[in-house]
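First comes the structure, then the notes that go with it.
The values are calculated or read from the model by the stated rules, or taken from the named source; none is laboratory data. Because the structure is a prediction, the values reported are computed rather than measured. So basically every Cβ, Gly included, is an ideal-geometry build from the backbone, and we count neighbours across all protein chains shown. These accessible areas exclude ligands, DNA and RNA; they are computed on the full protein's heavy atoms, side chains included. Shrake-Rupley method; radii C 1.70, N 1.55, O 1.52, S 1.80 Å.
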Protein chains: 2
Amino acid sequence: MMVQQERAARTRQSLMRAAAEAFAEDGFVPTTLSTISRRAGVSNGALHFHFENKHDLARAVEAAAADAVREITRAAEQRQDSALQRLIDATHALMSSLDEDAVVRAGFELVGTAPRRGTDGAGTDLRGEWQRWIDAVLHTAKDNGELAEGVSAAEASTAVVAATVGFEVLGVKDPKWVSQRTLSQYWELMLPRLAAPEQLAALVPHGPTAPVPGPASRR
Amino acid sequence: MMVQQERAARTRQSLMRAAAEAFAEDGFVPTTLSTISRRAGVSNGALHFHFENKHDLARAVEAAAADAVREITRAAEQRQDSALQRLIDATHALMSSLDEDAVVRAGFELVGTAPRRGTDGAGTDLRGEWQRWIDAVLHTAKDNGELAEGVSAAEASTAVVAATVGFEVLGVKDPKWVSQRTLSQYWELMLPRLAAPEQLAALVPHGPTAPVPGPASRR
């Protein structure tokens, strides 16, 4: 019984991954269910056991991406760090998830494109959720006196939300934009402007994992 | 003869606008040529006189958006201002064009979405062109000593490119993101970090037109 459940869960995962890859390569509308089942290496019957139709699959991809984003922000919330460090760490976790996981990438792309936009009223608003979390954590940073004098939480939030959405969108074509190196450089540039001077030394722009050496450090 | 040519140009314009609006609302793939001609208030015959098929129309929309972007950067290049001010002014011109012109908005959306992505080898690379221009103008700023000490042209370019792509994408759903107010606040936040201190006083974050009073200034 457990073995069967595990196998079913694995099939469901491969179908979602195959769908995410096909949507990214060919677009949502031209992708057929047979393309997806062939790509996942399962029968059409097995696909229909798990998903009724293509919209059902797209909803599952969006929901999995939303879960990943919620997992990232929840993990960041649980750390004892400053609000700014939690923000930095969460952006690194999101970019690395966008870099590595076709389902998360497709989730963000799907909610942004017209064929899926607004198809279900209760649909996931992935960018909206991310945006509200950034806004909340920057308001906490402001309340804690972590932001530089004269910098409002709203201004900082606008800049950081726009840049992270830009990284996400540009990263679809070129993974350089969602690399740890690009994001670390972004925070190195931004932190001296955003953070209160006495906070600055404690902040780690490259996030929780060790920095990957890039071209510049090899020079 | 002139009257006929003018009428033909106007019909072409209304077809491109109708196509841009339909692509934005329903997506590229589900939109039919009859929807577009009905929306433009012209006959199917008139549509076919101007455009062979939907891809032809999409190419025209992308080309018009690319022309608009080139016009914006060319106008910015011709001004006598500092490189940083030309950058600020060009971002304002682009955002106002995205805010007002459905064709420019659709041009950016089309090149980003999978059904049109890479359909023609010689296709317009709108975001790429914008990115290269920002990169070049920030390298000029660096060479002119306009950037703050320790800030590289590449880092500044990464941050500004990502934010402007983010504003563009978020502006599709909510025009607040491409408003003069949002962009002025962005530059007010960024300039003290990007610009050399002796340059800062001369820079105008709200661009070439007078600032529009927003909620904050009414408080």
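Data table
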item: Enumerated helices (runs of 4 or more DSSP H) restricted to region A:9-89, each holding at least 1 residues that are within 30 Å of A:ALA159 (Cα to Cα); result: A:54-78
item: Residue identified as within 15 Å of the chain's Cα centre (by Cα) and either of a type outside the set (D, E, K, R) or not assigned by TED's automatic domain parsing to the domain that holds B:ASP135 (or both) among B:ALA60, B:ALA75; result: B:ALA75
item: Residues located in region B:127-155, provided they are under 22 Å from B:ALA66 (Cβ atoms), within 14 Å of chain A (Cβ to nearest Cβ) and open to solvent by 30 Å² or more (accessible area, probe 1.4 Å); result: B:ARG127, B:GLU129, B:GLN131, B:ARG132, B:ASP135
item: Count - residues of region A:196-219 that are modelled with pLDDT of 95 or more and open to solvent by less than 40 Å² (accessible area, probe 1.4 Å); result: 3
item: Odd one out for A:LYS173, checked against (1) facing chain B (nearest Cβ under 9 Å); (2) crowded, with 16+ Cβ neighbours inside 10 Å; result: (2)
item: Neighbours by Cβ (under 6 Å, 6+ apart or cross-chain): first from region A:84-98, free of Cβ contacts under 8 Å to residues at least 60 places away in the same chain and assigned by TED's automatic domain parsing to the domain that holds A:GLN199; second assigned to a helix (DSSP H, G or I) and among the hydroxyl-bearing types (Ser, Thr, Tyr); result: A:ALA90/A:THR73
item: Selection count, region B:25-54, where residues are at pLDDT below 90 and open to solvent by 60 Å² or more (accessible area, probe 1.4 Å); result: 3
item: Test: residue in region A:184-195 that is open to solvent by less than 30 Å² (accessible area, probe 1.4 Å), within 12 Å of A:LEU98 (Cβ to Cβ) and at the interface with chain B (Cβ under 8 Å from one of its Cβ atoms); result: no
item: Candidate set: region B:55-82, residues that are charged (D, E, K, R) and surrounded by 18 or more Cβ atoms within 10 Å (Cβ to Cβ); chosen: the one nearest to B:PRO197 (Cα to Cα); result: B:GLU62
